[in-house]
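Report on the structure given below.
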Amino acid sequence: MLQFDLLQTDPASHARRGRLTLNHGVVETPIFMPVGTYGTVKGVTPRSLDDMGAQIILGNTFHLWMRPGLDVMQSFGGLHAFENWNQPILTDSGGFQVWSLGAMRKISEEGVRFSSPVNGDKLFMSPEVSIQIQTTLNSDIAMQLDECTPYLSVEPRTKGQITTEREARSSMEMSLRWAKRSQAEFARLENPNALFGIVQGGMFEGLRQESLEQLVAMDFPGYAVGGVSVGEPKDEMLRIMAHTPQRLPAHKPRYLMGVGTPEDLVEGVAQGVDMFDCVMPTRNARNGTLFTRFGDLKIRNARHKTDHGPLDASCTCYACAGFSRAYLHHLDRCGEMLSPMLSSIHNLHYYLNLMREVREALEAGRFGAFVAQFKADRGRGV
Ligand SMILES: [Zn+2]
């Protein structure tokens, strides 16, 4: 079940305003999706997420498979009831985590054999297994298993060597075969949700084009752009962002995986992306880096020690409504739990609100002016 309504397009860019209807609710796009790796957005309650306007969150197939395991997930009827979040959920395929195990895993056409990082058990991940797990999780959007083509080649293992076109092609072609197998398993299990295909092809536009054409021929209800934000220089990422999203079917949702900074999101929207996810707002919150309308702020900086002002005077989040920079600085210095909690609320609120402002600008036909103001504000400094 997935319906995508394209409500408006910006005549001066590829930006779009859309609406995604899923089994657990409606998602207004463009949207940012907070990441809930282990069935929780770190340090933030579902109620808080709801208050700040989160419409869809991510769950991580690999980690939930390891712990608590599928028997527990099955007994709860899926991830929604288990984590007490009744709005839409997107799950990744688990491929990226398996791939990240490095020497602990072996990739073949059939799938990936690896040792569990939790207890050392010998395990096997294939397109079919990934879809079986995601079906148990009952996520509103499931992802095909793909092989994330790295920016730096691992085969041969010469550190610093950029993946060649030949390596990227062979990886992309396997991902296409895995897309077919994922789709077949999804249909066999009669999964009532939606499955997205993932465009790969490394930093090569020609390969990206082939990948997307073949995926479009398979008629997925939505498409993701994978293999970006994997350690490549920023200009390489921008080159792929300027190539792939706008070439995907206009009447289907487009998801740019794992990107990025506030500037990356706004650029992504301009390039025709509808959906984003990234650990940056929550991870940076835990490191004391806060995003604000007027640039990024490090709460550890001594200049905040006596500052009675809020993090961001224009922000309506719980952390900005009642707490001073001096207090947040103090919490951080003392290593108090409340510090990353409040910082995560603020950063997620910032990302969600940024996307809300983008949607409003698109509706009002002033996206170009919005982007100019956004850049000027962010460059001003806090
Ligand atoms: Zn705030």
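Potential lengthening of the chain between residue 246 and residue 336 amounts to 27.9 nm, from the contour at 0.36 nm per residue minus the alpha-carbon distance.
Which whole-number value in Å³ per residue fits the convex hull of the alpha carbons of the chain? It would help to have the intermediate numbers written out before the result.
Details: hull volume 53.7 nm³, N = 382.
Each residue corresponds to 141 Å³ of Cα convex hull volume.
Which of 73, 33, 104 ends up with the largest GNM mean-square fluctuation for the chain, with Cα atoms connected below 10 Å? Per the Cα network of the chain with a 10 Å cutoff, 104 tops the list.
Given a 1.4 angstrom probe, what's the average accessible area per residue across segment 3-278, in square angstrom?
Values: 10810 Å² over 276 residues.
Ligands and nucleic acids excluded, the figure is 39 Å² per residue.
Applying 1/(1 + (r/R0)^6) with r as the Cβ-Cβ distance of residue 110 and residue 164 and R0 = 25 angstrom yields a FRET efficiency of 0.55. Measuring between their Cα centroids, segment 139-208 and segment 25-47 lie 24 Å from each other.
Quick check: at a probe of 1.4 Å, how many percent of the accessible area of segment 286-382 sits on carbon and sulfur atoms?
Numbers: 2520 of 4790 Å².
Summing carbon and sulfur atoms, their accessible area is 53 percent of the total for segment 286-382.
What are the semi-axes of the equivalent ellipsoid for segment 132-213, taken as the square roots of 5 times the Cα gyration tensor eigenvalues, largest first, in whole Å?
Details: eigenvalues 163, 35, 18 Å².
So the three semi-axes of segment 132-213 are 29, 13, 10 Å.
For segment 1-56, the alpha carbon convex hull comes to 109 Å³ per residue, rounded to a whole number.
Counting only cysteine Cβ atoms and a cutoff under 4.7 Å, the chain contains unmatched residues 148, 278, 317, 334.
Protection proxy ranking of 229-235, 251-257, 136-142, by the mean of other Cβ atoms within 10 Å over each peptide's residues and highest first, is 136-142, 251-257, 229-235. For residue 106, a cut-off of 13 angstrom between C-alpha atoms picks up these aspartates and glutamates, skipping any fewer than 8 places away in its own chain: 147, 155. For segment 215-259, the orientation-averaged shadow of the C-alpha convex hull comes to 3.2 nm² (one quarter of the hull surface).
For segment 245-287 versus segment 56-135, the inter-centroid distance based on Cα atoms is 23 Å.
Please compute the length gained on full extension between residue 302 and residue 324, using 0.36 nm multiplied by the number of residues separating them and subtracting their Cα-Cα distance. Intermediate results must be reported in sequence, preceding the final value.
Working: separation 22, 0.36 × 22 = 7.92 nm, distance 1.39 nm.
That pair, residue 302 and residue 324, stretches by 6.5 nm at full extension.
Across the options 56, 45, 30, the greatest Cα extent toward the positive end of the charge dipole of segment 1-140 (unit charges at beta carbon of Lys, Arg, Asp, Glu) belongs to 45.
Once both labels are positioned 7 Å from their Cα atoms along Cα-to-Cβ, the gap between residue 366 and residue 189 label points is 4.7 nm.
Stokes-Einstein D for segment 1-104 at 10 °C, 1.306 mPa s, Kirkwood Rh over Cα pairs, in µm²/s? Walk me through the numbers on the way to the answer.
On the way: Rh = 15.3 Å.
The Stokes-Einstein estimate is 104 µm²/s.
Taking other residues whose beta carbon is less than 9 angstrom from the beta carbon of residue 297, and scoring Lys, Arg as +1 and Asp, Glu as -1, yields 0. Rounded to the nearest 5, what is the percent of antiparallel bridges among the DSSP beta bridges in the chain? Antiparallel bridges: around 50 percent, rounded to the nearest 5. State log₁₀ I(q)/I(0) for segment 286-382 at q = 0.22 Å⁻¹ as given by the Debye formula over alpha-carbon point scatterers of equal weight, solvent excluded. Debye curve over Cα of segment 286-382, log10 I(q)/I(0) at q = 0.22 Å⁻¹: -1.08.
Here is the link list: 234/305; 180/375; 42/305; 122/180; 122/252; 252/298. Which ones come out longer than 30 Å on Cα distance? Present the calculation step by step, with values, prior to reporting the outcome.
Working: 234/305 34 Å; 180/375 41 Å; 42/305 26 Å; 122/180 26 Å; 122/252 38 Å; 252/298 39 Å.
Going by Cα-Cα distance, 234/305; 180/375; 122/252; 252/298 fall outside the 30 Å limit.
Per-peptide packing, taken as the mean over residues of other Cβ atoms within 10 Å, places 86-93, 342-349, 284-291 in the sequence 342-349, 86-93, 284-291 from highest down.
The values are calculated or read from the model by the stated rules, or taken from the named source; none is laboratory data. In this text, all values refer to a predicted model and were calculated from it rather than measured experimentally. Backbone-built Cβ (ideal geometry, glycine too); neighbour counts: all protein chains shown. Side chains included, ligands, DNA and RNA excluded: accessible areas come from the protein's heavy atoms. Shrake-Rupley method; radii C 1.70, N 1.55, O 1.52, S 1.80 Å.
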